[in-house]
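Colleague: Let me give you the structure first, and then I'll get to my questions.
The values are calculated or read from the model by the stated rules, or taken from the named source; none is laboratory data. This structure is a prediction, so every number in the text was calculated from the model and none was measured. So basically every Cβ, Gly included, is an ideal-geometry build from the backbone, and we count neighbours across all protein chains shown. The area values use the complete protein model at the heavy-atom level, side chains included, leaving out ligands, DNA and RNA. Shrake-Rupley method; radii C 1.70, N 1.55, O 1.52, S 1.80 Å.
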Amino acid sequence: MSNDENYSSIEAILNSKGAYSNFHENRRKIIEIINDLDNSQVFNKEYLINMLYANTITILESYLSDTFIQTVLSNDVYIRNFVETFHDYKKETLKMTDIYINYESLSVKVTKSMMDVIYHNIDKVKGMYNDTLAVSFPRI
């Protein structure tokens, strides 16, 4: 992804006011399609249901991603929590002479790291939400 595409993606996430409503609207549409399939004679019904299942996972991942990134970037405490607890950062070392250079580019690095997470990895996402935002996912 180019820097321009990356910037556009970040801007879209930060300017979005409706991750929750987008999630519910897409969920509603999927349920509507499933209900329509029950009443139809579609030839590849199983195939369409599998596609809708995959789409459901995608909208959940998008919701988790957009909500997490928006929330973290809106609060310096959350940014600090993320930096201090994000597993990928634990192996990094920093020389004293590089502190200010790293500080100046911290929000870019944090944003890129959050965008690079594969939100399909629910265990990693659960850990990030818990460690950064003190939000626990329910046990299923």
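Colleague: Six or more apart or on different chains, Cβ under 9 Å: which pairs go from a residue in the stretch 70-84 that's within 13 Å of residue 130 (Cα to Cα) and among the aromatic types (Phe, Trp, Tyr) to one that's part of a helix (DSSP H, G or I) and open to solvent by 50 Å² or more (accessible area, probe 1.4 Å)? Could you list them?
Modeller: 82/131
Colleague: In the stretch 104-115, what residues are in contact (Cβ under 8 Å) with a residue 24 or more places away in the chain and open to solvent by 70 Å² or more (accessible area, probe 1.4 Å)? I'd like the intermediate steps shown before the answer.
Modeller: Going residue by residue through the stretch 104-115, those that are in contact (Cβ under 8 Å) with a residue 24 or more places away in the chain are 106-107, 110-115.
Result: 112, single match.
Colleague: Given the residues 101, 118, which is the only one that is open to solvent by 70 Å² or more (accessible area, probe 1.4 Å), under 12 Å from the mean Cα position of the chain (by Cα) and modelled with pLDDT under 95?
Modeller: Working: 101 fails: under 12 Å from the mean Cα position of the chain (by Cα).
Exactly one residue qualifies, and that residue is 118.
Colleague: If you go through the stretch 121-140 one residue at a time, how many are open to solvent by 50 Å² or more (accessible area, probe 1.4 Å), closer than 17 Å to residue 73 by Cβ and of a type in the set (Phe, Trp, Tyr)?
Modeller: Qualifying residue count, the stretch 121-140: 0.
Colleague: Out of the residues in the stretch 75-93 that are surrounded by 11 or more Cβ atoms within 10 Å (Cβ to Cβ) and of a type in the set (S, T, N, Q), state the one that is nearest to residue 117 (Cα to Cα).
Modeller: Applying the filter and picking the extreme gives 85.
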